[in-house]
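The values are calculated or read from the model by the stated rules, or taken from the named source; none is laboratory data. Computed from a predicted structure; not experimentally measured. Heads up, the Cβs are rebuilt from the backbone with ideal geometry, glycines too, and the neighbour counts pull from every protein chain shown.
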Amino acid sequence: MAEDSLPIQFVAPAQRNEAVTLAMWLLLATEALMFGALFLSYLIYRLLFPQTFAAASAQLDSMLAALNTGVLLTSSLTIALAIQAVALRRRALALWLLAATVALGCSFLILKGYAWYTEYQHHLVPLRGFQTDYSALGSGAQMFFNLYFVMTGMHALHLSIGIAVVLVMMAYVAWSDRTAMVTRRVGLAGLYWHFVDIIWVFLFPLFYLVV
Amino acid sequence: MNARRYIGTYLALILLLTATVWSHGFELGGWNVVINLAIAAAKAALIALVFMQLLREKALTRIFSLLGLSWLAILFVLVLADYLTR
Amino acid sequence: MSAIPQTGSYLDSGYSLRSWLLTTDHKRIAWLFLLSLTLFFFLGGTAAALIRLELVTPTGDLVGQDTYNRLFSLHGIIMVWFFLVPSIPATLGNFLVPLMIGARDMAFPRLNLASWYLYIIGGLFTFATVISGGVDTGWTFYTPYSSMFSNTHVVLAIVGVFVVGFSSILTGLNIVVTVHRLRAPGMTWFRLPLFIWSTYATAVIMLLATPVLAMTLLLVALERLLGIGFFDPRLGGDPLLFQHLFWFYSHPAVYIMVLPGMGVVSELMAAFSKKAVFGYTYVAFSSIAIAFLGFLVWGHHMFTAGQSMYGSLAFGLLSFMVSVPSAIKVFNWTMTMRKGTLSFETPMLYALGFIGLFTIGGLTGLFLATMAIDVHVHDTYFVIAHFHYIMVGGMVTAYLGGLHYWWPKITGRLYSERWGQIAAVLMFFGFNLTFFPQFILGYLGMPRRYHSYPDEFQVLHVLSSAGAVVLAFAYLLPLCYLGWSLKYGRRAGSNPWGTTGLEWTTSSPPPKYNFEQIPRVDYGPYRYPIVSGTPPTETRHG
């Protein structure tokens, strides 16, 4: 296996590993605050329109979303196992697990896309130029759907980035012999993937299970 | 062995997911939200501690993992201080 | 620890454009930022000059109201995001953090370069905004005006700020990780120069506040482009929510803008008193305290906006608390000079100017945190004067002080001390002449953001504009003599001021990888007096 060269600013590989892990967690903290602005808006408008939010939530397909939650949780398991397989240099296993992660991520997006399409057919998408009908749901209903589409949209965007990153990781695992580097990078990709999963874990009850 | 821990955690996560969906079938008033969010927090904690290896990280990384949450708490508390007393 | 062969100064490691544009050397990236920041400073300054020129007479004769609105918006956006926020962290911070802690580069050199490119891309969007006709919302982008009514290029301006926000996140990330993980052996937290403490505190704010701004501006853009109205009152949306989210970033951003300046002044006070900073630990922790408390006070921008009275009460009280760590700093700087061996070279003049102007700015901030007074002076020139005393009188002064102090290290050349002193004194007078009348104007009721005003305000406005002329001249001076020194200045030795700090143990300009051997640090900072012949911070090669 080829040696992983150490950049000039580090004196030991351990120092470098600590630095990148720290950086990734800091990046996730900024991501958390970014989503935090949305969660806060959600909270404020839910406090203002509690009944409407319950009525609007009932328009969404909660079983589909529960299934999707299961899909994402499973993908978290596969990527966690993949990181371990990379560290143990079990290349074929790692590739299969990463491929499974990508497949699960894509399934999530397809199911999510289907859900959005159904909502479009029910005139629930609040984009300019789209026909909408919230008359049965009470005042503030459009705000619920604004929040719903922006927040699930932002999540889907992050998940898409995650899928792209995992695909790059598969290329590393398949073709690179620098185990230390690949292990480090796959580990970072995993942290990001889990974070995106955690965001969904909160989105699920907030949008689909309002009573 | 890590794999066993991961699979155990995964089963716990699925169990929690089932519990959320199941609890949705009951009319519990305000408690529905509390249960939902408590379960979501438990799931997030499991993912962070086991899958994201926080249990094994250095103290500094653990502190930094709480940084985002603490600052979100500041944002939420002070904005609510306005909205809830308006 | 392995030694690396030395290659000559970082300035000599390549002369091609490519060697600069693709560099990952923190010292060269500091130069990239320095040059582009200077450009934006003069662009924003030009807008300010036009504003002051228009206000010489009570009627709108130079520009009409629409142009005026675009001018002050442009001035604010450029000065806040393209000058003040990155000013010290991205230039002096980039250059000095690795040198001061005994590292060979930042933790993530390529991320560091990416930060500059993001800055430039954001800057191009801002240029595009100007060329296509500007934006008239003010730098605050308040909804619903920005999201529903303004007919100017709001989205373009927002994209610029959004992108430059990521530049600031990456710089912050780099600084935090570098300070945590790349300190030389023996460089414990309490042996760090105070500049590092304040830059670290700044970087933490950048990381935690900027993402909220990014998302908030994104929501405004979505509302304009796609009609997803987050803050639209017709849908039950609340414009005050926008203000909460905006100020959750923008008030801490004030501390992003002033904390690094405080760090510079701490260094300058020790250097030109030849004495350790009085109460090191208090000054160090006051930086952290300011960074933290700065997140708890944003509601004082919303006293008259319809925020809950009890919310205002809490925000007002918390705002007063920020004055405690700020005062600790001012008192400790003053005490540092006591019984010191004072000398008054250019950087020290800037540092003294900072202390005076920052104190005035800080004290008038207490007026504004007092709800009853704020109702009277809200959105008047009193507020304008207050934050210019902090931002310009404080931060720009400290930035120039630091630039002069480290100029011999950065360039290896000495600038003309005489001209430096003239510019520093001129700037102090020009600044006060420009902004002190604005306190009175505001107290008398002159609102901000108007291009015309009643006749009785003219005397004060003319005084202010006259000051602006002096100030503009004083800002152009350093551009001339610092530029001149690059070619004709005398060569600087490795430690021209005879001060402490690891950066002064390297040659001027420093070698490409800073330290041949990573130094081992056995002592705290500011060990004065320096015994001649020994290096300022005693280092043992390990």
Checked pairs for region B:39-50, first in a helix (DSSP H, G or I), second among the aromatic types (F, W, Y) and surrounded by 18 or more Cβ atoms within 10 Å (Cβ to Cβ), C-beta under 6 Å and 6 or more apart or across chains, list as B:A40/A:F202
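Here's the yes/no breakdown for (1) modelled with pLDDT of 95 or more; (2) within 30 Å of C:K275 (Cβ to Cβ); (3) within 23 Å of the chain's Cα centre (by Cα); (4) assigned to a helix (DSSP H, G or I):
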site: C:F190; (1), (2), (3), (4): yes, yes, no, yes
site: C:I196; (1), (2), (3), (4): yes, yes, yes, yes
site: C:T199; (1), (2), (3), (4): yes, yes, yes, yes
site: C:L208; (1), (2), (3), (4): yes, no, yes, yes
site: C:L213; (1), (2), (3), (4): yes, no, yes, yes
site: C:T216; (1), (2), (3), (4): yes, no, yes, yes
site: C:G229; (1), (2), (3), (4): no, no, no, no
Worksheet item: Does A:L111 count as of a type outside the set (F, W, Y) and either farther than 21 Å from A:L60 by Cα or within 14 Å of chain C (Cβ to nearest Cβ) (or both)?
Response: no
Considering region A:134-148, residues that are at pLDDT below 90 and within 9 Å of chain C (Cβ to nearest Cβ), and then whichever is surrounded by the fewest Cβ atoms within 10 Å (Cβ to Cβ), we arrive at A:S139
Criterion first (within 11 Å of chain B (Cβ to nearest Cβ) and in a helix (DSSP H, G or I)) does A:A23 satisfy it? yes
For region B:1-12, pairs from a residue that is at the interface with chain A (Cβ under 7 Å from one of its Cβ atoms) to a residue that is loosely packed, with under 13 Cβ neighbours inside 10 Å, with Cβ under 7 Å and 6 or more apart or across chains, are none
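This table checks each residue for (1) under 25 Å from the mean Cα position of the chain (by Cα); (2) surrounded by fewer than 21 Cβ atoms within 10 Å (Cβ to Cβ).
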{"site": "C:T281", "(1), (2)": "yes, yes"}
{"site": "C:A284", "(1), (2)": "yes, no"}
{"site": "C:F303", "(1), (2)": "no, no"}
{"site": "C:K329", "(1), (2)": "yes, no"}
Those residues of region A:55-66 that are facing chain B (nearest Cβ under 10 Å) and touching a residue at least 24 places away in the same chain (Cβ under 8 Å) come to a total of 3
Exactly one of A:R89, A:R16, A:R46 is at the interface with chain B (Cβ under 10 Å from one of its Cβ atoms), charged (D, E, K, R) and either in contact with a Ser or Thr (Cβ under 9 Å, 6 or more places away or on another chain) or surrounded by fewer than 22 Cβ atoms within 10 Å (Cβ to Cβ) (or both), and that one is A:R46
Pairing a residue in region C:236-249 that is free of Cβ contacts under 8 Å to residues at least 40 places away in the same chain and at the interface with another protein chain (Cβ under 7 Å from one of its Cβ atoms) with any residue that is outside any helix (DSSP H, G or I) and surrounded by fewer than 24 Cβ atoms within 10 Å (Cβ to Cβ), where Cβ atoms lie under 7 Å and the two sit 6 or more apart in sequence or on different chains, gives C:G236/A:F49; C:G236/A:S139; C:G236/A:G140
Scanning region C:13-30 for residues that are free of Cβ contacts under 8 Å to residues at least 24 places away in the same chain and under 23 Å from the mean Cα position of the chain (by Cα) gives C:R28
The residue that is nearest to the other protein chains (Cβ to nearest Cβ), considering only those in region C:306-344 that are part of a helix (DSSP H, G or I) and of a type in the set (S, T, Y), is C:Y310
Matching residues in region C:172-201 (among the small types (G, A, S), within 14 Å of chain A (Cβ to nearest Cβ) and crowded, with 24+ Cβ neighbours inside 10 Å) number 1
Checked C:Y405, C:Y443 against criteria (surrounded by 17 or more Cβ atoms within 10 Å (Cβ to Cβ) and in contact (Cβ under 8 Å) with a residue 24 or more places away in the chain); the one match is C:Y405
Of (1) of a type in the set (G, A, S); (2) at the interface with another protein chain (Cβ under 9 Å from one of its Cβ atoms); (3) within 30 Å of A:Q15 (Cα to Cα), C:A214 fails just (3)
Restricting region C:286-301 to residues that are crowded, with 21+ Cβ neighbours inside 10 Å and more than 14 Å from every other protein chain (Cβ to nearest Cβ), the one nearest to B:A81 (Cα to Cα) turns out to be C:I290
